[in-house]
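Just so it is clear, none of the values below were taken in a lab; they were calculated from the coordinates. For clarity, every value in this text was computed on a predicted model and none was experimentally measured. Cβ placement follows ideal geometry from the backbone for every residue including glycine, while neighbour counts extend to all protein chains displayed.
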Amino acid sequence: MRFKLNVGIPFFSRDDGNNWVNYFSDRHANYWESFSIPVILIICDPQSRQCYWNLVDEKSLIRTKEGAKILVPKDNVLKGSKKNLENISCNKNNNDIIHDKNKFIFSLNEHYELDMSSDELEVFCGEIYHACMNRKNILFDVDFENEAILINEVDKIRSGGNVTVEMRRRLLELEQIHMWFLDKRNMIIQGLNILFNEGFFSGFFISDNNYTDLAKVVNGFIHHYIYERVSSRKNICLTLDVFPNKKYTDLVVKIDLDKEEAESFLLKIDTKGSIEPLRYRGYNFLDLNHEIIIERGIPAALTYIVYYLRNKKIDKNDFFCKDLEPLSEWGLGLA
């Protein structure tokens, strides 16, 4: 289940006799409704140290002219409600919704890292891969922990009553940050759809039901997209260009290598430690070490392709056509 926790006196300032009434924007209501798992709203009174809860559904979530309101029954005290919450979690209807939608949510913690162990990510990616192979209707989503913190701050400001100019200015700042989250979510989802549904990359990381490399690619893509498109990678020793030789020749993928990665790569192509041969761009993508291909190369290629499709307004079905040479044949040289 997903929990939305609000703490403070303002969340108890309105009631209709039987329920505490909390108001939210349309954006927040749409955000909660988009989840394929149950969402529970919890409000906490710091004075009485009492908490109340309700399931966000068609009964408790009511649309208004200004946005939406959620009713939290005064009888729904959190203490002693374990059984009720377990019943909601195990409800067959909820499980059917998850199954029918085949929605896979990638949760990112406050440091924008995947909030799961490497083993769990490997199994998770394997489940997605087989769902795609069975031609199920796959839906991806990205859950940012920091976005929930942002929404909490917005709710706290708006529920306070007297909104000052400074508060309105802060709301504008938060709206800009929220737009960043929306953009990142949209582009990551687009990249995941390409990775799992296009055969362009799969030959590099699927073998004998081993999904370790696939998990590394997913982790590398999200890390590359979040961090390296926002700020430069640290300790860069060598930057390489990867590029198509025939179609879309204006697409250039830049792969940054640290000192250890660069030394390993130069040792493989036997350049006696010199980068001069790379200036002639006579190498291809497969000349990279396997570890670099999985952890750096494919994540970078996927990131640049996502940006390229958006900036050039190219449909992915047109891009991944028979005229596009395999990634293994793309050129490789010094940036």
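Laid out as a table, the results:
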| read-out | value |
| --- | --- |
| The chain, dipole about Cα centre (Lys/Arg Cβ +1, Asp/Glu Cβ -1), debye to the nearest 20 | 1060 debye |
| Those aspartates and glutamates that a straight Cα-Cα span of less than 13 Å connects to LYS74, excepting residues fewer than 8 apart in one chain | ASP15, ASP16, ASP45 |
| Tensor-based shape of region 111-244 (alpha-carbon gyration tensor, a/c under 1.5 rounded, otherwise prolate or oblate) | prolate |
| Per-selection Kirkwood Rh - region 1-91 (Cα, Å, 1 d.p.) | 13.5 Å |
| C-alpha center-to-center spacing [region 262-335, region 172-221] in angstrom | 18 Å |
| Relative exposure of PHE320, PHE124, judged by other C-beta atoms within 10 Å (fewest first) | PHE320, PHE124 |
| Hits among aspartates and glutamates - C-alpha to C-alpha of LYS268 under 16 Å, sequence gap 8 or more where chains match | ASP258, GLU260, GLU276, ASP287, GLU291 |
| Residue order, fewest to most surrounding Cβ atoms within 10 angstrom, among ASP318, ASP45 | ASP318, ASP45 |
| Amide H partners (placed H, <5 Å) of PHE144, local residues excluded | LEU108 |
| Region 232-334: radius of gyration over Cα atoms, expressed as a fraction of 2.2 N^0.38 Å | 1.09 |
| Too-long pairs where the Cα-Cα distance tops 22 Å, listed order kept, from LYS254/LYS322; LYS184/LYS316; LYS69/LYS156; LYS184/LYS259; LYS4/LYS216 | LYS254/LYS322; LYS184/LYS259; LYS4/LYS216 |
| Helix-derived mean residue ellipticity, 222 nm - over the chain, DSSP H n ≥ 4, -39500 (n - 2.57), to 500 | -12500 deg cm²/dmol |
| Structure-derived Rg and Dmax of the Cα atoms in Å - corresponding label in [x] 26.1, 96; [y] 26.5, 85; [z] 24.2, 81 | [z] |
| Per-residue Cβ neighbour rank within 10 angstrom, fewest leading, CYS125, CYS132, CYS90 | CYS90, CYS132, CYS125 |
